[in-house]
Structures are given as C-alpha cells and as structure tokens.
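Visitor: Take a look at the following structure, please.
The values are calculated or read from the model by the stated rules, or taken from the named source; none is laboratory data. The model shown is predicted, which means the values in this text are computed figures rather than measured ones. Methodologically, a virtual Cβ is constructed for each residue, glycine included, from the backbone with ideal geometry; neighbour enumeration extends over all protein chains shown. All accessible areas refer to the heavy atoms of the entire protein, side chains included, with ligands and DNA or RNA removed. Shrake-Rupley method; radii C 1.70, N 1.55, O 1.52, S 1.80 Å.
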Amino acid sequence: MGGTNAVPSVIFVSQAQEVLFPSILGSICQSPRVQYFLVMAMVSANTIYSFLFFITLARHALPTITKPRRFVTKLVHRDNVLSPYYNPIDSAKQDIESSITRFAYLSAIESGTHDKHTTPTAADRGLFYVEFSIGQPPFSQLAVMDTGSSLIWVNCLTCDLCSQEENHQIFDPSKSSTYTPMPCKPYHCPSCSWENKCMFKIRYVRGIGLKGILSKEQLTCSTSDGDTNIISNVTIGCAESNRLDIDQDNRGVFGLAMDETRWPTSLVTQMGSKFSYCIGNMNDPNYAYNRLIIGDGAVMEGYSTPLEVYKAHYYVKMVGISLGEKDLDINPNVFRKTPDEDNGVVIDSGSAYTWLAGKVYDELRFEVQSLLETQLQEYRYVARPWQLCYIGSVSRDLAGFPVVTFRFADGADLGLDVGSLFSQVSRDVFCMAVGPSYVNGNSRQKLSVIGMMAQQQYNVGFDLNSKMLFFQRIECELLDD
C-alpha cells in the first residue's frame, strides 16, 4: 500500500490506526522508535487536513451570515427617458386624468362601495416602476410601485390578452427553478382551484380585471454599486388572465401595503416591516437617482409623524397648511381620520396630484390666486373648471413664489416648492397640481390624498413597527446604497 492511500485511511476511518498500523509498520520495521515517529507523522497530517477542511467550510459560510436582509432597487418614473413608456407629449394630461381615477378608487374604499378585490391599475397612476428580476434564471421586470396594494403580481406567459405584449416580455414560470405554486393549505387563500392551488382575483377601476395563481418565487435586484440582493420565498401573483382595459403600461404591480387578511405574507412584512423611497425631480426626464429600499437600510431620517394603517392604506395626521410665513385659516379637525368615515389624509404613491378636502382646497386656491392675480392671467379648462391654471411658465414666471408647507403632528413638514405645487401642462399653460376632493362628488369631499408630485425632493420612510412616517428633504444621489 503506497503513501497516498495511507493518509486518507487515518483521516476518514476511525479504527484505521488499530487495524492498519500493525500490518504496515510490521512490514517496514520492528523498531518501536520508528513506529513512534511514523504514528506521530500520520497524526500531524490528520490535524493539518482537518484544519484546512474547517477553513474551507468557514470561508463559504461567512457570506450567508453577514449578508443584510434588504431589497434595494431603482425606481423609474414613467415620464423618464429610462422608461420604455416615455412619451413627453401626453404625460401632463395623463397625470390629471389618472389622478382623478386614483382618487375615485381611494374614496370608494373609504365609503365601502368598492369590490373587495379592487385595486389601482398601472395606469391609475403608474408613476414609478420598480426595477427587479424574478425567478431563476432572473427575468427582468418593471412593476408599478403602489402603497395602496399589498400584493406583488406580474404577467405570466399563460395569461390571456396580456396588454398585447409579445411572449418574450412575459415571465414564463415553467422556466424558473425557484417557482412554486402555493397550495391552499396551510395558507390563507382568497380562493382555491380544483388542483388545490391558491388563486387570486383583482378588479380594477377600469377594465374587467385579472386572476391567477399565488406562488412563492425569488426576487433579485442590483444596486448602483454592483451588488446583488436576492430574496427567496416571496409571495407573488402570477397573472394568468389579464383583461385590463388600459394601455400597455401594465406589466404588474409592486405592492407596498400591509393587508395580511387578503394575501399571505407581503414582501414588506417579510423584510421587517420597513421601507423607504426617495423621489427626485419628476420634471427632469433624465433624473436617474429615484430608489426604493425595503428592510435593512431603509432610511428613517428627518422629521417623523404618526402613521396609521387602515384598510391597507397609510394615513398621516395632518394639522395645517402654510403659504410662506402665513398659516391658512383651516380647522385641524378637517384632516382627522375617524373610523368607518370617508375622511382623513392618505399618503399615496399611485397619484401624481394631491387632493385636499373641499374647504382646505378652497382656502389654498384663494391664497394662491391672491398672490398671482396681478401678475398672471388665469386660464380656464371647460372640462375641469375646478382646476387653477395660468398662462405662462413655471420656471420663468414663478421665481420667488413662496413655499407651501403641509404640516403634520409632532412637527413634521412637507415643503412644496413651485416644481411640486405646479405642473406645466402645455408649453404656455401651467396648473396647480392640487385638486378638490369634491371632484368625485360631494359625498367624498372630506378625504385628502398626498400625491407623488408633493413628495418630490424627499426621502419618505415608513416604519410600520413603530407606526411612524419620516420626511427628509434630500438629494437622492446623496443616499448611498
């Protein structure tokens, strides 16, 4: 037996020294001294091999121990050149129309008149898309970021009439090694198929809706510094039938709400019930630093205010509005959320515009008109008589216009400069990006919604454990991954 075979016999066979040593050593030498040195050499070799084996295991184990649990990804504004749906011609008009539709959805939830599966569509308003990959191998996706939905869903290859997309643009679950349909038990399923698969249905404000299979799948995202975050066993909806009467912007929805009564654990809950998003200049089609963080590293900085979750929507305690140094004459009770009533203030990612309770909007409109009436000529849209518009340019004609500040409980503020308060709807006309809640009927005039234009230039952090919302005015580029 050669020396190469002798060492493994000592390492891996526990009785090797008792069985093999006498025969090997007896055939070589009868000297006790020689036997002693041979045994010590073999024991030393055993120790070295064991040490190297331990180091190898430790080296491979360390990354899984230290890897943070977080999901960090880019947000792509629909009207950004990085978006496949970029169309600078009709963006302003769509923002108005889709914001009205979005408000109708939110107010329907409050009044209890909505179908329990109704959620906003990508067009109502898919302002920001989450950039990520799904499955293994990873398949690139863009899905609408929505704080008003708790489910992540994507179109799957089996779907019918999927917004007229070609097959290569749709996720094929049969090609993913990490895709697992969820059985009806032990999960809490909205409905169950004859194959014992967990099913979901979603109805929309426009269109028939969609249905599909709830599944567990792997999500992957890449950070700006080249790192890759992989999150396993995420609950997703795989849409099999998609008959939405909307444009082709609808590849899916990335829900950030909490509603465990409808779907199994959401990604936000799975990642520790914290997330933050940073929104830069929405008027700059080349801006590339919008981002979303879920879990470890979510930015909870700046001023904070209490946050309430009600019917899968996020409510804040607004207490007043000021224009420059002037506090508007508003009773704080108009912002109060009371159980089972169509009121309160929602902070929302699905609406471009902000909607204010009737009396609040009227007061703000009056003060803005008072400042601009001697400087600019008003422009009236027949179809939208409620909208305050002027002939002119935001960048040219509003220099020095005071900041409008939304004030919240515990001292938090959200400041709206001219780029957040006004929207350039055409080359020669701009409008206030704030509307009255009574646009959808007097029965809904007490609900207020803070849209994404008002959240520009801010990092907004949601800590669902402590029930706090954070506002930090910052340039998103300064936030490191």
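Visitor: For the structure I just gave you, tell me whether VAL319 is modelled with pLDDT of 95 or more and either touching a Cys at 6+ places or on another chain (Cβ under 8 Å) or part of a loop (DSSP other than H, G, I, E, B) (or both).
Guide: The answer is no for VAL319.
Visitor: Only one of (1) free of Cβ contacts under 8 Å to residues at least 12 places away in the same chain; (2) in contact with a Gly (Cβ under 8 Å, 6 or more places away or on another chain) is not met by GLY400, so which one is it?
Guide: (2) is the only condition that GLY400 fails.
Visitor: When the residues of region 385-402 are narrowed to those that are modelled with pLDDT of 95 or more and among the hydrophobic types (A, V, I, L, M, F, W, C), which ends up farthest from GLN424 (Cα to Cα)?
Guide: PHE401
Visitor: Any idea which of ILE347, ILE279 is at pLDDT 90 or above and out of contact with any strand residue (DSSP E or B) (no Cβ under 6 Å at 6 or more places or on another chain)?
Guide: ILE279
Visitor: Under 16 Å from GLY435 (Cβ atoms) and either surrounded by 12 or more Cβ atoms within 10 Å (Cβ to Cβ) or among the aliphatic types (A, V, I, L, M) (or both), is that true of ARG365?
Guide: In short, yes.
Visitor: State which residue is modelled with the lowest pLDDT when the search covers only region 182-200 and only residues that are of a type in the set (S, T, N, Q) and open to solvent by 40 Å² or more (accessible area, probe 1.4 Å).
Guide: Applying the filter and picking the extreme gives SER191.
Visitor: Another one. Among the residues of region 451-474, are any β-branched (Val, Ile, Thr), farther than 22 Å from GLU308 by Cβ and out of contact with any His (no Cβ under 6 Å at 6 or more places or on another chain)?
Guide: Yes, region 451-474 has at least one match.
Visitor: Please work out if LEU292 is touching a helix residue (DSSP H, G or I) at 6+ places or on another chain (Cβ under 6 Å) and either modelled with pLDDT of 95 or more or open to solvent by less than 30 Å² (accessible area, probe 1.4 Å) (or both).
Guide: When the stated conditions are applied, LEU292 does not pass them.
Visitor: Only one of VAL404, VAL394 is in contact with a strand residue (DSSP E or B) (Cβ under 6 Å, 6 or more places away or on another chain), open to solvent by less than 30 Å² (accessible area, probe 1.4 Å) and closer than 14 Å to LEU328 by Cα; which?
Guide: VAL404
Visitor: Return the only residue of THR158, THR121 being surrounded by 24 or more Cβ atoms within 10 Å (Cβ to Cβ), modelled with pLDDT under 90 and not charged (D, E, K, R).
Guide: None of the others qualify; the one that does is THR121.
A quick yes/no check of all residues on (1) more than 20 Å from GLN270 (Cβ to Cβ); (2) modelled with pLDDT under 75; (3) in contact with a strand residue (DSSP E or B) (Cβ under 7 Å, 6 or more places away or on another chain):
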residue	(1), (2), (3)
ARG206	yes, yes, no
GLY226	yes, yes, no
ILE230	no, no, yes
ALA239	yes, no, yes
ILE246	yes, yes, no
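Visitor: Ok, one more. Identify, by number, the condition in (1) under 28 Å from the mean Cα position of the chain (by Cα); (2) of a type in the set (S, T, N, Q); (3) surrounded by fewer than 19 Cβ atoms within 10 Å (Cβ to Cβ); (4) outside any loop (DSSP other than H, G, I, E, B) that SER304 doesn't meet.
Guide: (3)
Visitor: Could you please give the count of residues in region 408-431 that are buried (at least 20 other Cβ atoms within 10 Å of the Cβ) and under 21 Å from VAL319 (Cα atoms)?
Guide: Number satisfying all stated conditions: 6.
Visitor: I've got another one for you. Considering only residues that are surrounded by fewer than 24 Cβ atoms within 10 Å (Cβ to Cβ) and among the polar types (S, T, N, Q), look in region 334-359 and name the one that is nearest to GLN456 (Cα to Cα).
Guide: The extreme case among them is ASN343.
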